[in-house]
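The values are calculated or read from the model by the stated rules, or taken from the named source; none is laboratory data. Remember, it's a predicted structure, so these values are computed and weren't measured experimentally. Cβ coordinates were reconstructed from backbone atoms using ideal geometry, including for glycine residues, and neighbour counts include every protein chain displayed.
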Amino acid sequence: MKKWMITIALLMLAGILLFVFISPLKSHKAVSQQDLRDPDFLDGKDILLYVSTSADQDAFGGGKSYALFISQDGTLSSFKMKGLELGSAKVHGDSVMLEDKNTIFTIENGLYSYKRTYQHTGDSAGFLQNTDGFYTLYNSGYDKKGDGYRSELYRQMNGEWKKDVIPCYIRASGFHDGAIYALVPTDDEKGYQLLQIQADQKKLTYQTITEWQYREGASIESQLAADDQAVYVMVRGQKASNLYQMVKFNKKNGKVELYDIAEYKNDEQTIYSSMPFSFKKSFFSYHGSLYFIDGFGKVYKIDAKTGKSRIAFALSPEKMKADFKEITQKGSSLYFFTYTYNQPAYIEQYSLKTGKKVKEKEIGKVKEIVTPKSHLKLYDFEVMKDF
């Protein structure tokens, strides 16, 4: 009898050990291009993260990036690519765009890849309704022929990728209604020109809307937000180093207005901590208001017409301590992704209307990809479906 009980106990222990060692493999799967060619690959996928090494890692041949697809049940699929600092991953409906230093990938009823000129630094990406395709913009560096700085724009038109060159450095960019807006330095580098780049037509055209002279020491703290009337950006140091202001560029008459948004204690540590943790996504337009999320997780709601602002709500103070933080807006929701090394990752959903946390989801296997030795940084975060 004792031998029989011991046998049963050993079998139970073996089952537990098998579950412990096998179940993590089920919840994290490394996928290949062949897997992405499956027309059903995106089914059930809710979240997309893009992590990559920085450009200096590529100098030694160690650059890499991953697209992390997270399913409804919390399982994670990782697709490995080459690196691209500040690269993007974008979602539109049932299609996805990914990129690395040499290739643009699109997933829609299968996988399509486009080999393009080497890029070392991304800027922004999005979707053009009129051409029914993605675009992606790069700060490409100085031309080898000595013709000056160039930024390269790739657009999907009639299903094919088209390359255009914008002959300037882009400090910040944004997109609205078929146009890409870009802040580029003036010739004397004492100000910025605001360009409107009409990207949804076959021939790329751009024009200068206005110029803005900034005070020495002032810094751009966000990408651009835009609506039908104006283009907006967050700056610090124009009036004082501890004051964030919103710059409003009127599209029709070129008028430039500044509004005080957030003021902090004037000491070095507080000023540093107040800086947005997401340059790409800390500032956006939604239903007649602008939203700005600072380094403390405070969410400011700004009236687009008057520039008046108030703190609408705050992100979880505990989650703000995480090693990795990123936000994304979809409809009336703000999603907040956090991850600390060797711990589960989390996504919190907040209502922009009420400021209340609606939902929270735990993701266990990000730690298998993003480790302290991986040198990976989080560069993009997209919600594919409501989770």
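Under the condition of being in contact with a strand residue (DSSP E or B) (Cβ under 9 Å, 6 or more places away or on another chain), surrounded by fewer than 21 Cβ atoms within 10 Å (Cβ to Cβ) and of a type in the set (Val, Ile, Thr), which residue from region 328-382 is farthest from TYR50 (Cα to Cα)? It comes out as THR354.
For region 109-162, please list each of the strands (runs of 3 or more DSSP E) lying entirely inside it that holds at least 3 residues being more than 18 Å from the chain's Cα centre (by Cα) and touching a residue at least 40 places away in the same chain (Cβ under 8 Å). Spell out the reasoning first.
Details: elements: 111-115, 122-128, 133-142, 149-157.
Correct list: 111-115, 149-157.
Taken together, the criteria exclude ALA55 from residues that are more than 23 Å from the chain's Cα centre (by Cα), surrounded by 10 or more Cβ atoms within 10 Å (Cβ to Cβ) and modelled with pLDDT under 95.
Checking each residue in region 54-72 for being among the acidic types (Asp, Glu) and in contact (Cβ under 8 Å) with a residue 12 or more places away in the chain picks out only ASP58.
For LEU315, state whether it is touching a residue at least 12 places away in the same chain (Cβ under 8 Å) and crowded, with 18+ Cβ neighbours inside 10 Å. Step through it out loud before you land on a result.
Working: touching a residue at least 12 places away in the same chain (Cβ under 8 Å): yes; crowded, with 18+ Cβ neighbours inside 10 Å: yes.
Taking the combined requirement at face value, the residue satisfies it.
When GLN198, GLN229 are checked against the criterion of being under 23 Å from ARG155 (Cα atoms) and surrounded by fewer than 17 Cβ atoms within 10 Å (Cβ to Cβ), GLN198 stands alone in meeting it. Looking across region 58-104, the residues that are over 22 Å from PRO344 (Cβ atoms), basic (Lys, Arg) and either more than 13 Å from the chain's Cα centre (by Cα) or surrounded by fewer than 21 Cβ atoms within 10 Å (Cβ to Cβ) (or both) come down to LYS64, LYS82, LYS101. Would you confirm whether any residue within region 207-222 is under 20 Å from the mean Cα position of the chain (by Cα), in a loop (DSSP other than H, G, I, E, B) and either at pLDDT below 95 or within 20 Å of CYS168 (Cα to Cα) (or both)? Yes, region 207-222 has at least one match.
State which residue is farthest from ALA172 (Cα to Cα) when the search covers only region 230-271 and only residues that are of a type in the set (Ser, Thr, Tyr) and assigned to a loop (DSSP other than H, G, I, E, B).
Kept after step one, since they are of a type in the set (Ser, Thr, Tyr), are these residues of region 230-271: 232, 241, 244, 259, 264, 270.
Filter once more, keeping what is assigned to a loop (DSSP other than H, G, I, E, B): 241, 264.
Values: SER241: 20, TYR264: 24 Å.
Out of the qualifying residues, it is TYR264.
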